[in-house]
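Q: The structure's right below; bear with me while I get my questions together.
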Amino acid sequence: MPVKPKKFRNPNIADSPKQNPRPDEPRHDVASLMRYDLITPPATEYLPTSVKEMKALGWDYVDIVIFSGDAYVDHPSFGAAVIGRVLQAAGYKVAIVPQPNWQDDLRDFKKFGAPRLFFGVSAGAMDSMVNHYTAARRRRSDDAYTPNGRHGARPDYPTIVYSKILRELFPDTPIVAGGIEASMRRLAHYDYWQDRLRPSLLMDCDADIISYGMGEKVIVELARRLASGEKINDITDLPQTVIRVKDENLWTGTGNEIAVLDKDIILYSYEDCLKSKRHQAENFKHIEQQSNAMHGKTLWQRHGDTWIKINPMYPPMTTEEIDASFDLPYTRLPHPRYKGKRIPAYEMIRHSVNIHRGCFGGCAFCTISAHQGKFIASRSKESVLREIKKVIAMPDFKGYISDIGGPSANMYRMGGKNTAICEKCLRPSCLHPKPCPNLNTDHRPLLDLYHAVDEIPEIKKSFIGSGVRYDLSMHQTGDADIDKANRRYNEELIARHVSGRLKVAPEHTSDAVLEIMRKPSFRLYHEFNDIFEKINSRYGLKQQLIPYFISSHPGCHETDMAGLAAETKELNLHLEQVQDFTPTPMTVSTEIYYTGYHPYTGKKVFTAISPEEKLAQRKYFFWYDRTYREDITRSLQRLHRTDLLARLFPPRASYPTRKGNQTNRKH
């Protein structure tokens with residue numbers, strides 16, 4: 001708990017609550033609180049979003065103001081709410097300004113004045129560029145984190161925009177950046193939408209410090225140290241933070257290569273990486289390894305005359321710590337200021353429960369481990385059941401839990417059998433190229449949790465909506481009891497917890513592409529599909545297995561996509577859940593896309609870059625659409641792959657091809 005602060009009256013806040021409120025500020029009449037047949041709690045049960053709400057709580061100042069690119073949903077799946085509630089529980093007065101208007105007279109940025117401790121800024125639950133643009137770099141027409149899905153409520157790069165405005169208005173108040181955008185852009189990174197290597201976000205924005213990863217521990221400690229009188233520029237050793245150090249000669253004599261020291265790693269400078277893409281790729285290997293280390297080293301990267309210092313992550317949260325975060329008094333509802341407007345991202349999770357954080361899958365295109373770490377932090381069964389009871393109490397609850405999951409559906413309570421081995425491990429994945437022999441894959445704790453939820457009288461059925469790692473549940477450990485329990489998990493999952501469709505993510509069919517993706521062979525999907533069909537038959541069910549696939553991933557050639565089309569056709573699949581690879585900051589796949597080199601092998605890797613190359617791959621997802629048939633036929637003839645043409649369109653397999661073609665020609 002922080003030391004009780006001295007009386008602090010903010011001179012920038014008028015005594016009168018009349019401040020020309022914006023049209024979307026809350027009115028507390030009954031009609032404004034109605035939403036989906038339920039009554040939203042009054043604004044006093046939320047963190048304040050206006051001066052009027054702050055005064056209703058009896059406050060005349062705030063310690064911290066959080067600016068977020070998302071709407072304010074007071075729910076443990078929304079980062080601004082989590083950070084606000086954690087700080088509140090530590091004794092601080094916290095306000096939230098959701099989706100501030102950066103294009104008017106800046107009243108949203110001014111209304112609370114300067115807080116006693118700091119401003120927090122976050123782009124929201126998604127990187128703003130992923131939120132705003134498609135893989136084809138086209139502007140999206142909606143925003144799932146905005147009321148009614150309206151687009152345009154946040155700028156590109158909100159961390160930069162918000163911090164610049166705050167620095168100009170309040171030059172002496174510390175600014176802390178957090179959230180996924182700041183976390184994934186903490187070092188020099190490739191920006192797909194600008195098609196260039198950008199420096200650390202801390203070089204582009206006006207924040208004093210970045211809090212990266214899951215922020216509960218770091219933000220409370222930062223607030224405590226500021227409240228005790230420390231200056232923001234003197235806080236240089238706090239885990240999970242990124243700072244600037246102005247000392248061009250700090251690390252002299254490290255040479256023209258990466259220096260790996262006892263407690264530090266000095267990476268190639270930003271300027272070096274601009275000159276050499278290979279240097280950028282070599283940097284990333286160390287960045288990823290340290291992001292997944294239980295006890296990481298400090299990373300340093302020079303940008304001109306400034307060093308960017310990345311302090312290592314905290315150790316994984318304990319069960320008690322993660323329970324404390326999820327057990328905070330969230331209303332689990334959007335703020336009443338939205339007057340019943342629909343927030344699509346909230347609709348997806350309002351009757352779901354998150355049971356753990358972290359993911360040890362290490363997929364090459366995924367950012368989860370870079371943000372949450374690879375070590376699993378699991379909630380206790382008691383904490384999960386407490387949240388289930390809160391869901392049951394919601395007036396619109398009809399008896400169905402939409403998801404009991406997390407970053408992955410089935411990693412709950414899993415980790416290393418011998419933690420001493422984990423403490424030294426730098427593997428980015430515990431499952432690739434094969435499951436680690438030190439990994440405990442026992443699904444019995446998860447089954448026990450499912451059973452406890454389903455025993456609650458008000459629960460008609462609980463579903464699993466998160467992605468299932470079937471390579472985990474099908475792994476043969478050699479322990480008869482664990483293997484039996486894992487087979488039972490697959491059976492109970494399919495028989496009891498599927499709402500008609502079970503989503504899985506094989507991502508591709510080519511072993512060469514899957515190797516780069518760090519995903520298991522597609523052979524395993526066939527085996528799981530057989531299990532799925534047998535259990536459906538045994539229980540008289542007519543459920544579907546829905547696979548996700550990606551085109552244009554690094555290492556994927558056009559013939560790989562044709563092979564994917566042929567193989568999925570033979571499984572009688574008309575693909576729905578498909579996407580073109582989108583390079584996002586801080587993934588292995590993105591580094592390969594930008595540099596052309598694999599960070600771990602140093603070898604060159606082909607990647608479809610141009611729009612024409614990408615479209616040439618994507619069309620194979622839709623082989624069943626007659627619109628694409630002629631184009632696919634011509635392409636396979638050009639590629640001398642009449643074998644694949646015969647599998648896709650048997651009547652057209654006799655189309656003439658060049659003399660002496662090789663049907664199994666390597667690409």
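Q: Of the residues SER163, SER122, which single one is open to solvent by 10 Å² or more (accessible area, probe 1.4 Å) and not basic (Lys, Arg)?
A: The match here is SER122.
Q: Tally up the residues in the stretch 32-71 that are modelled with pLDDT under 95, part of a strand (DSSP E or B) and either closer than 28 Å to GLY405 by Cα or polar (S, T, N, Q) (or both), please.
A: Residues in the stretch 32-71 being modelled with pLDDT under 95, part of a strand (DSSP E or B) and either closer than 28 Å to GLY405 by Cα or polar (S, T, N, Q) (or both): 3 in total.
Q: When the stretch 505-542 is examined, which residues are found to be outside any helix (DSSP H, G or I) and crowded, with 20+ Cβ neighbours inside 10 Å?
A: At the first step, the residues of the stretch 505-542 found to be outside any helix (DSSP H, G or I) are 505-510, 518-521, 540-542.
Within the stretch 505-542, ALA505, PRO506, GLU507, HIS508, THR509, SER510, ARG518, LYS519, PRO520 meet the criteria.
Q: Does the stretch 474-497 contain any residue that is touching a residue at least 24 places away in the same chain (Cβ under 8 Å), over 22 Å from PHE532 (Cβ atoms) and of a type in the set (Val, Ile, Thr)?
A: No; the residues of the stretch 474-497 include none that is touching a residue at least 24 places away in the same chain (Cβ under 8 Å), over 22 Å from PHE532 (Cβ atoms) and of a type in the set (Val, Ile, Thr).
Q: Which of the numbered conditions does GLU181 fail, given that it passes all the others? Conditions: (1) among the acidic types (Asp, Glu); (2) out of contact with any helix residue (DSSP H, G or I) (no Cβ under 7 Å at 6 or more places or on another chain); (3) within 20 Å of ASN311 (Cβ to Cβ).
A: (2)
Q: Here is a follow-up. Go through the stretch 317-340 and give me each residue that's open to solvent by 50 Å² or more (accessible area, probe 1.4 Å) and either aromatic (Phe, Trp, Tyr) or modelled with pLDDT under 95 (or both).
A: Across the stretch 317-340, the qualifying residue is only LYS339.
Q: Name the residues in the stretch 558-570 that are open to solvent by 20 Å² or more (accessible area, probe 1.4 Å) and under 31 Å from the mean Cα position of the chain (by Cα), would you?
A: Scanning the stretch 558-570 gives GLU558, GLU567.
Q: Another question about this same structure. With the requirement that a residue be open to solvent by less than 60 Å² (accessible area, probe 1.4 Å), free of Cβ contacts under 8 Å to residues at least 60 places away in the same chain and under 25 Å from LEU514 (Cβ atoms), what does the stretch 417-454 give you?
A: Residues satisfying the conditions are PRO435, CYS436, ASN438, ASN440, THR441, HIS443.
Q: Another question, then. Inside the stretch 413-438, can you point out the residues that are part of a loop (DSSP other than H, G, I, E, B) and either on the phi > 0 side of the Ramachandran plot or not hydrophobic (A, V, I, L, M, F, W, C) (or both)? Working first, answer last.
A: As a first pass, look at the stretch 413-438 and keep what is part of a loop (DSSP other than H, G, I, E, B): 413-414, 417-418, 425-438.
Those that are part of a loop (DSSP other than H, G, I, E, B) and either on the phi > 0 side of the Ramachandran plot or not hydrophobic (A, V, I, L, M, F, W, C) (or both): ARG413, LYS417, ASN418, ARG427, PRO428, SER429, HIS432, PRO433, LYS434, PRO435, PRO437, ASN438.
Q: What number of residues within the stretch 426-450 are β-branched (Val, Ile, Thr) and in contact with a strand residue (DSSP E or B) (Cβ under 6 Å, 6 or more places away or on another chain)?
A: 0
Q: Take the stretch 40-83 and flag every residue that is within 10 Å of PRO98 (Cα to Cα) and acidic (Asp, Glu).
A: ASP70
Q: Quick check, is MET214 part of a helix (DSSP H, G or I) and of a type outside the set (Val, Ile, Thr)?
A: When the stated conditions are applied, MET214 does not pass them.
Q: In the stretch 188-204, what residues are out of contact with any Pro (no Cβ under 8 Å at 6 or more places or on another chain), open to solvent by less than 10 Å² (accessible area, probe 1.4 Å) and not hydroxyl-bearing (Ser, Thr, Tyr)?
A: LEU197, LEU201, LEU202
Q: Now for a separate question. Within the group SER610, SER589, which residue is surrounded by fewer than 12 Cβ atoms within 10 Å (Cβ to Cβ) and either in contact with an Asp or Glu (Cβ under 7 Å, 6 or more places away or on another chain) or at pLDDT 95 or above (or both)?
A: SER610
Q: Could you check LYS285 against (1) open to solvent by 50 Å² or more (accessible area, probe 1.4 Å); (2) modelled with pLDDT under 95; (3) under 22 Å from the mean Cα position of the chain (by Cα) and say which number it fails?
A: (2)
Q: A follow-up question, please. Suppose we keep only residues that are within 18 Å of LEU106 (Cβ to Cβ) and not aromatic (Phe, Trp, Tyr) within the stretch 167-183. Which one would you say is most open to solvent (accessible area, probe 1.4 Å)?
A: So, considering only residues that are within 18 Å of LEU106 (Cβ to Cβ) and not aromatic (Phe, Trp, Tyr), the one most open to solvent (accessible area, probe 1.4 Å) is ASP172.
Q: Quick check on this structure: which one of ASP74, ASP156 is modelled with pLDDT of 95 or more and either touching a Gly at 6+ places or on another chain (Cβ under 8 Å) or open to solvent by 10 Å² or more (accessible area, probe 1.4 Å) (or both)? Walk me through it before giving the result.
A: Numbers: ASP74 fails: either touching a Gly at 6+ places or on another chain (Cβ under 8 Å) or open to solvent by 10 Å² or more (accessible area, probe 1.4 Å) (or both).
Checking each option against the conditions leaves just ASP156.
Q: Here's something else I'd like to know. Which residues, counting only those in the stretch 613-630, are in a helix (DSSP H, G or I) and open to solvent by 60 Å² or more (accessible area, probe 1.4 Å)?
A: Selection gives GLU613, LEU615, ARG618, ARG626, THR627, TYR628, GLU630.
Q: Looking at the stretch 455-488 only, could you name the residues that are open to solvent by less than 10 Å² (accessible area, probe 1.4 Å), assigned to a helix (DSSP H, G or I) and more than 21 Å from GLY358 (Cα to Cα)?
A: Passing the criteria: only ALA485.
Q: Looking at LYS275, LYS297, which one is open to solvent by 30 Å² or more (accessible area, probe 1.4 Å) and in contact with a helix residue (DSSP H, G or I) (Cβ under 9 Å, 6 or more places away or on another chain)?
A: Criteria check complete, one pass: LYS297.
Q: Still on this model: Just to be sure before I move on: is ALA144 in contact with a Pro (Cβ under 8 Å, 6 or more places away or on another chain), more than 24 Å from LEU47 (Cα to Cα), open to solvent by 10 Å² or more (accessible area, probe 1.4 Å) and not hydroxyl-bearing (Ser, Thr, Tyr) in the structure I sent?
A: When the stated conditions are applied, ALA144 does not pass them.
Q: Being open to solvent by 40 Å² or more (accessible area, probe 1.4 Å) and of a type in the set (A, V, I, L, M, F, W, C) is the filter; apply it to the stretch 350-371 and report the residue that is nearest to THR441 (Cα to Cα). Please lay out each step first, then the result.
A: Step one: list which residues in the stretch 350-371 are open to solvent by 40 Å² or more (accessible area, probe 1.4 Å), which gives 350, 354, 365-366, 368.
Remaining after also requiring of a type in the set (A, V, I, L, M, F, W, C): 365-366, 368.
On the way: PHE365: 23, CYS366: 21, ILE368: 20 Å.
So the residue we want is ILE368.
Q: GLY124: farther than 25 Å from THR367 by Cβ, among the small types (Gly, Ala, Ser), assigned to a loop (DSSP other than H, G, I, E, B) and touching a residue at least 24 places away in the same chain (Cβ under 8 Å), yes or no?
A: In short, no.
The values are calculated or read from the model by the stated rules, or taken from the named source; none is laboratory data. These figures come from a predicted structure and were not determined experimentally. Glycine also receives a Cβ, built like all others from the backbone with ideal geometry; neighbour counts cover every protein chain displayed. Ligands, DNA and RNA are stripped out before the accessible areas are found, and what is left, the full protein with its side chains, is counted by its heavy atoms. Shrake-Rupley method; radii C 1.70, N 1.55, O 1.52, S 1.80 Å.
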